[in-house]
Amino acid sequence: MSILDIYMAKPDNLQGALDVLVMKTLCRGAQHGFAIAAEIQQSSDDVLKVEAGSLYPALHRMTEAGLLKAVWRTSTAGRKARYYELTSKGRRRLTESEKRWHEVAAAVARVLRTA
Amino acid sequence: MSFWSRLQRTASSRRHAEEIRDELQFHLDMDVASGRDPREARIRLGNRSRIEEETRAVGIVAWIESCAQDVRYGWRQMRRAPVLTLAVLLSLTIGIGANTAIFSLLDAAILKPLPVPDAKQLRILEWTNDGYPPGLENINGDTTIAAGRFRASSVGANVYRRLARQQTAFDALVGFADPVPAALALDSSSAEQVSLQYVSANFFQGLEVAILGQPFRDEDDRVGAEPVAIVSNRYWIGRLGGDPSAIGRAIRINNVPTRIVGVAPPQFFGVHPGQWSDVYAPLAARVAFRPTERAADARGENDRDWWIRQIGRLKPGLTDEAARAALDPIFRGLASETTGSVDEKKIPALVVEPGARGLAALTPRDTSALWILMALVTVLLFIVCTNVANLLLSRAVARQRESAVRLALGAGRLRLLRQHAIEIGMIAIVGGASGLALGYVLAHGIHALFETGRDASYSFDLHLSARVLWFTAGSATLTAILFGLAPAIRGARADLHDVLKAQSRGIVGSRLRGARLLASVQVGLCLAAIVAAALLARSLQTIERVDVGFDRDNLAYVSVNPWQAGYTAERMPAYLDRARDELARIPGVVQVAPLEVRLLSGSGNAAGVVVPGRVTRPSDHANFNHVGEHAFETLGIPLVAGRAFEPADRQPNSQAVIVDERFARLFFPDRSPLGGRFGFNQKDPERYEIVGVVGDTFYNNLRNAPQAVVFLPYYWSSTAGIGGASTGPVNFAVRARIDAGQLAQAARAALASVDPAVPMSDFQTQTHLIDRILRTERLLGFISGAFGLLALTLVGIGLGGFLMYAVARRTNEIGIRMALGATRSVVIRDVLTEALVMVGAGVALGLPTAYAMATALRSQLFEIQPVDPLAIAGALAGLMLTAVAATLIPARRAAAVDPLIALRAE
């Protein structure tokens, strides 16, 4: 993925999907990058594998956009780690995006059913 | 994320990179800790540095992206108001362009160091003495009387050579002469006039200038050595086609075979900014190149002729005083040998001066003229700033609603401020770039004005230097801050409540207070600028109208230099008689006479006057000139008493001289000067007998009070100076009824018919010579006048723009008033009153500024006082006229307001 692709990304393509997944994961509490990736993989029953190469640029971009807030904190393993948490703006965005995703998913499902 | 944190992060980008690295390392470690094989974990993570890079890029790209958005937005804003944008950009271009132009000139002429390595180590050596040192026949270069001591810069060849050898304080002590004209012939073709500079053998090595070919060697600087020369890059490219085989080529300088040994580097012009030497030759070559005056002349250097200036490269770590202390005893020892003086006080003492910029390129008057112009363009730039600030401010007020709405919708104030800053930055960049272009063109134009005719003594290197670029960038930035700050803050400060409440009228009136103040400041600055311009114009006019004492129109000078063609003094009279007759034969020529010094050409001779029976005072000086028969008729100087010169006077022992009335008044106050005797030195106080008296004339310049003038008969002798005409060019004054171009052409042909080997070396009309000595005055007069007009125009635009805006904002109010019965003339009067109040406040502000500026100008003014009623009245009238003109359109616009439409808009 090129730098430009990250930036041209609109919430309704795959890039947007990763954003929604990250935000959804974080709405249950602050997490560091590795834990976010692990959790997405786990809760999707290993179907969605999040690559570090996509995850970290996305985390930083969302931080820039004010959707997430990043802080350095000591992890459970006793090491300093960068934790991300959802801002109120992020929370609002999540609500919108979730709704949108459901609509899109439902629409896709309908198309697949009728075809 | 705010602007500041972004800025902060850009500044600490290394820490940011480390954070990302730590984050990725943590990711990897966690993966391993959860039980994965370390190698596999690394593969799963992927290309770490690429991830780092992409993650880092996120912040920068987002920022650039949003800036690009702002730029696009700014561009749209500008396109929405094309007239305003154009006015803003045009003002900036003019302001920055004028500043860049004058600064380039200032930089090239005054500020720039010599184009040699480590120029700041250079020192110029001069000396002072208690009066003119005895035993010296001539001192070239600048001589002044400062603090009661005689001060000069040149020394004799023997003094220089021995001082350079014996001294230890300088890495090299270099000697050089002021450039002199010389005739250079490339092959058998005719010679061309070039500028020749004699320099010491170590000149190029000492200044650390690399020569293509060979620098001079010590053996080249000996009397009798084969003459060698180094040519300038300019001459090499221009005349020798840049051909490397030119090195080693044989040429003739003043008809003496010479070999070119090297070429100087491109930017090197010598040590005198503005003067470009074409050819360099060793000091000793001066003996060889000197025109043969008499075949039997003894060939050798004259130690009593002091003509060599010195510049040295100070050893690192040495102070000027230490260098002076080390050299002074050696110098005084050498000097006393020549002057033969034993009196301690009468032996010249050394002075060490900074030399990084070489010799002063401009006279103090020209230097102060340039600084005055710099001050004027700075004022102009301030006017531009206030103008642009006002235009943008009025737009910012207009955009306040938009700003308020954006703020209400959650945009950060800083974000809004950045939006404004980016717009202002765009304007500054475009204005700065076009200002730079205009400045470049303007600088060359002004330079051309400076460098009148063939006189190339003010030919500066105007290449865009880094310093000029920095100056322009700096002034554009400063301008942007000055004109942009107020509108940007105003734009970001918009308060929704106020603005929405105010709707489109009311409150706005008070908001214009800032703009009104700016307009007044602008008027004040403009007044100062035009008072200065008016004073300089009046001064120029006064000096141009001075009665010079002779008829300056239809007078020209034709010059030849037979010496350079190898003529001896014996052959000169016959040649000059024939040349004069040929010139007189040209149809339309009324009268021709040879003379040594062209009137009002800026140069000339002076000597002390001794009258028997009169106590000689130090101020007893007179200018002198050698003139042929019919000179007074040719020049148009009236003969008051006695007779003019006759052919019989033309011989070395002639005692007949003619003086002007000033001389007669000064030295023969109570008796008839006719038959009176005087001399130019104590040894022979009865050398001359006055046979005639003529009217007073200005001699070589118009600024200083004219001195007494003595006219001697024109003849040719072997020694230069008072004894007879020197070996310089011979000038024929020609009074003709035909135009100058025709005359020049006919004169060239006439001279060629006398001897093709002696071409016409110069042709100048008297009016052109006068223009040339008034160069500084004309330059100041024209440019300050042009800038004054620009300032007036800008103020007119500024005032007009402001009033247009004020009227537009008050359409409703005007409508209501008209509905209530106010007539159109009342409305017009109101607008006019508003304008006059602003102008009045501006004048109150401007008068003290104008006074300060005029006082600073004092040294440049000719017979005009700084507080000149006519200049001030003229400036005020110009300002009032501009103000009224600027009010016309807004006033008509106000009068045209239709009450119905205005009220309906409510």
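The values are calculated or read from the model by the stated rules, or taken from the named source; none is laboratory data. As the structure is a prediction and not an experimental result, all values here were calculated from the model. Every residue, glycine among them, receives a Cβ derived from its backbone with ideal geometry; neighbour counts consider all protein chains shown. When the accessible area is computed, the model is the full protein with side chains, heavy atoms only, and any ligands, DNA or RNA have been set aside. Shrake-Rupley method; radii C 1.70, N 1.55, O 1.52, S 1.80 Å.
Could you check how many residues of the stretch B:570-581 are surrounded by fewer than 19 Cβ atoms within 10 Å (Cβ to Cβ) and not basic (Lys, Arg)?
So in the stretch B:570-581, the residues surrounded by fewer than 19 Cβ atoms within 10 Å (Cβ to Cβ) come out as B:570-571, B:573-575, B:577-578, B:581.
Still in the running and not basic (Lys, Arg): B:570, B:573-575, B:577, B:581.
Number of matching residues: 6.
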Discussion item. Checking the structure you have, find out if any residue of the stretch A:89-96 is under 26 Å from B:His16 (Cα atoms), without any contact (Cβ under 8 Å) to a residue 60 or more places away in the chain and in contact with a strand residue (DSSP E or B) (Cβ under 6 Å, 6 or more places away or on another chain).
Written reply: no
Worksheet, complete the sentence: Sole miss for B:Ala201 among (1) under 20 Å from B:Val223 (Cα atoms); (2) small (Gly, Ala, Ser); (3) touching a Ser or Thr at 6+ places or on another chain (Cβ under 9 Å) is condition (3)
Fill in: Matching residues, the stretch B:34-46, being more than 7 Å from chain A (Cβ to nearest Cβ) and free of Cβ contacts under 8 Å to residues at least 12 places away in the same chain
B:Ser34, B:Gly35, B:Arg36, B:Asp37, B:Pro38, B:Arg39, B:Glu40, B:Ile43
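Out of curiosity, is B:Asp31 assigned to a helix (DSSP H, G or I), within 9 Å of chain A (Cβ to nearest Cβ) and at pLDDT 80 or above?
Criteria met by B:Asp31.
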Worksheet item: Quick check: is even one residue across the stretch B:780-795 surrounded by fewer than 20 Cβ atoms within 10 Å (Cβ to Cβ) and among the hydroxyl-bearing types (Ser, Thr, Tyr)?
Response: yes
Worksheet item: Of the residues in the stretch B:38-89, how many are over 22 Å from A:Arg61 (Cα atoms), open to solvent by less than 40 Å² (accessible area, probe 1.4 Å) and of a type outside the set (A, V, I, L, M)?
Response: 3
Worksheet item: For B:Ser336, are the conditions met, namely being under 25 Å from B:Ile308 (Cβ atoms) and in a helix (DSSP H, G or I)?
Response: yes
Worksheet, complete the sentence: When B:Thr55 is run through (1) within 14 Å of chain A (Cβ to nearest Cβ); (2) at pLDDT 85 or above, the failure sits at (2)
Worksheet item: Pick from B:Arg234, B:Arg259: which is open to solvent by 30 Å² or more (accessible area, probe 1.4 Å), assigned to a strand (DSSP E or B) and over 29 Å from B:Phe331 (Cα atoms)?
Response: B:Arg259
Worksheet item: In the stretch B:745-782, which residues are among the aliphatic types (A, V, I, L, M), more than 16 Å from B:Asn731 (Cα to Cα) and not in a helix (DSSP H, G or I)?
Response: B:Ala757, B:Leu774
Discussion item. For a quick check of your reading: which helices (runs of 4 or more DSSP H) sit entirely within the stretch A:4-115 and have at least 1 residues that are modelled with pLDDT under 85, more than 11 Å from chain B (Cβ to nearest Cβ) and surrounded by 13 or more Cβ atoms within 10 Å (Cβ to Cβ)?
Written reply: A:14-26, A:88-114
Fill in: Residue identified as open to solvent by 20 Å² or more (accessible area, probe 1.4 Å), touching a helix residue (DSSP H, G or I) at 6+ places or on another chain (Cβ under 9 Å) and of a type in the set (Gly, Ala, Ser) among B:Gly148, B:Gly135, B:Gly156
B:Gly135
Worksheet item: Does at least one position in the stretch B:60-72 carry a residue that is more than 14 Å from chain A (Cβ to nearest Cβ), in contact with a helix residue (DSSP H, G or I) (Cβ under 9 Å, 6 or more places away or on another chain) and either at pLDDT 85 or above or farther than 25 Å from B:Ser784 by Cβ (or both)?
Response: yes
Worksheet item: Does B:Gln541 qualify as being out of contact with any His (no Cβ under 7 Å at 6 or more places or on another chain), open to solvent by 10 Å² or more (accessible area, probe 1.4 Å) and closer than 30 Å to B:Ala856 by Cα?
Response: yes
Item to complete: Having 2 or more residues that are open to solvent by less than 60 Å² (accessible area, probe 1.4 Å) and closer than 24 Å to B:Leu792 by Cβ is the bar; report the helices (runs of 4 or more DSSP H) wholly within the stretch B:811-906 that clear it.
Response: B:824-857, B:869-895
Item to complete: For the stretch B:237-256, enumerate the residues that are part of a strand (DSSP E or B), among the charged types (D, E, K, R) and surrounded by fewer than 14 Cβ atoms within 10 Å (Cβ to Cβ).
Response: none
Worksheet item: Is at least one residue of the stretch B:283-294 closer than 30 Å to B:Leu462 by Cα and out of contact with any Cys (no Cβ under 6 Å at 6 or more places or on another chain)?
Response: no
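Rundown of residues vs (1) farther than 22 Å from B:Arg123 by Cβ; (2) part of a helix (DSSP H, G or I); (3) out of contact with any helix residue (DSSP H, G or I) (no Cβ under 8 Å at 6 or more places or on another chain), yes/no style:
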residue: B:Leu196; (1), (2), (3): yes, no, no
residue: B:Ala201; (1), (2), (3): no, no, no
residue: B:Phe204; (1), (2), (3): no, yes, yes
residue: B:Glu219; (1), (2), (3): yes, yes, yes
residue: B:Val223; (1), (2), (3): yes, no, no
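Please determine, by comparing only the residues of the stretch B:591-647 that are among the hydroxyl-bearing types (Ser, Thr, Tyr) and assigned to a loop (DSSP other than H, G, I, E, B), which one is most open to solvent (accessible area, probe 1.4 Å).
Checking each candidate, the answer is B:Ser619.
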